[in-house]
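Worksheet: the structure to be examined is printed underneath.
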Amino acid sequence: MGILINVLNKMAGIFRLAVLKKSTYGPYSIDIWDYTDEFEDIYGKIESLAGVTKRSLYLIYQALQQVRSIPGDIAECGVYRGGSAYLIAEVINKLAPQKTIFLFDTFKGLPDGNTEYDPALDKQSAYQDTSVESVKALLGKFNNCNINEGLFQDTLTSITEKTFCFVHIDCDLYDSIKYSCEFLYPRLNTGGMMVFDDYGYTIDWPGAKLAVDEFFKDKKEKPIHLPTGQGVIIKL
Ligand SMILES: C[S@@+](CC[C@H](N)C(=O)[O-])C[C@H]1O[C@@H](n2cnc3c(N)ncnc32)[C@H](O)[C@@H]1O
């Protein structure tokens with residue numbers, strides 16, 4: 001069955017058709033999305049780098065079309081090798097090049113986690129196969145990427161005065177996600193979006209959903225759980 005689906009996917013790639021796909025989150029599902037040619041071109045450049053699924057990247061691609069007219073910049077917590085950051089930079093430079101993209105990571109792998117909430121941390125290779133130099137080289141052709149190396153807890157303070165139209169939080173760990181929410185949500189403008197990549201990864205990263213749900217418990221916005229595994233809020 002797996003081999004058959006791989007063959008069908010290959011053919012789908014050639015003919016740009018939607019066929020049965022092996023889902024990351026369920027046994028199998030129909031991929032109903034008709035990716036645009038523009039997205040496919042960008043995805044082709046980052047497929048080997050991204051720690052984010054194609055479907056989740058497409059959700060980001062679509063969200064950016066909406067937030068283009070919302071005031072504020074863009075932030076990403078969890079950059080790794082720059083896959084989703086590259087997508088954001090390509091798209092935003094066409095839609096709203098005046099916006100700055102602030103990027104945050106240790107670029108040395110995941111920091112220590114909370115052993116109760118992040119049980120998968122020991123099993124992970126922990127995203128150490130990257131460097132700030134390689135991400136700077138990848139994003140070097142864009143002049144509106146601001147790359148910040150270190151723990152969020154030390155680096156996010158550099159954007160205290162900024163506001164945002166889009167925030168991508170993709171950092172797996174309870175403490176990292178909670179801190180990102182606490183810092184960035186108050187700076188998100190009305191109509192702006194926050195996307196939580198790990199929201200549905202409840203087997204490996206139960207702390208990811210917990211952190212988001214706890215944070216939004218007393219907020220007007222409630223996270224919407226998407227079939228991609230992502231969680232999304234739109235600032236009211
Ligand atoms: C899943 S990866 C990000 C994937 C990336 N968005 C992509 O497109 O491939 C998670 C990243 O979060 C970073 N991270 C997690 N917690 C952090 C923290 N507190 N401070 C800095 N970086 C952190 C890790 O270093 C890791 O590179």
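Looking only at residues of the range 145-157 that are of a type outside the set (D, E, K, R) and in contact with a helix residue (DSSP H, G or I) (Cβ under 7 Å, 6 or more places away or on another chain), we find that the one that is least open to solvent (accessible area, probe 1.4 Å) is L156. Would it be correct to say that S131 is at pLDDT 95 or above, of a type in the set (S, T, Y) and within 17 Å of the chain's Cα centre (by Cα)? So S131 does not fit the description; no. Mind listing just one residue for me: the one in the range 125-141 that is open to solvent by 60 Å² or more (accessible area, probe 1.4 Å) and in a loop (DSSP other than H, G, I, E, B) and, of those, nearest to the ligand (Cβ to nearest atom)? By that ranking, first place goes to Y127.
Within the range 112-132, not a single residue is under 12 Å from G82 (Cα atoms) and touching a helix residue (DSSP H, G or I) at 6+ places or on another chain (Cβ under 6 Å).
Which residues, taken from the range 169-217, are among the hydroxyl-bearing types (S, T, Y), open to solvent by less than 20 Å² (accessible area, probe 1.4 Å) and in a helix (DSSP H, G or I)?
Residues satisfying the conditions are S176, S180.
Any residue that is within 16 Å of the ligand (Cβ to nearest atom) and either of a type in the set (S, T, N, Q) or under 18 Å from G192 (Cα atoms) (or both) - is there at least one of those in the range 29-43? So far as the range 29-43 goes, no, none of its residues is within 16 Å of the ligand (Cβ to nearest atom) and either of a type in the set (S, T, N, Q) or under 18 Å from G192 (Cα atoms) (or both). Summed over the range 42-59, the residues that are open to solvent by less than 20 Å² (accessible area, probe 1.4 Å) and within 17 Å of F104 (Cα to Cα) give a count of 1. Scanning the range 60-98 for residues that are open to solvent by less than 10 Å² (accessible area, probe 1.4 Å) and more than 16 Å from the ligand (Cβ to nearest atom), we see that the one that is farthest from the chain's Cα centre (by Cα) is A96. Residues of the range 106-116 that are near the ligand (Cβ under 6 Å from one of its atoms) and in contact (Cβ under 8 Å) with a residue 60 or more places away in the chain: L110, P111.
The values are calculated or read from the model by the stated rules, or taken from the named source; none is laboratory data. None of these values were measured; they are calculated from a predicted model. Neighbour counts run over all protein chains shown; Cβ positions are idealised from the backbone, glycine included. SASA here: full protein model, heavy atoms, side chains in, ligands and nucleic acids out. Shrake-Rupley method; radii C 1.70, N 1.55, O 1.52, S 1.80 Å.
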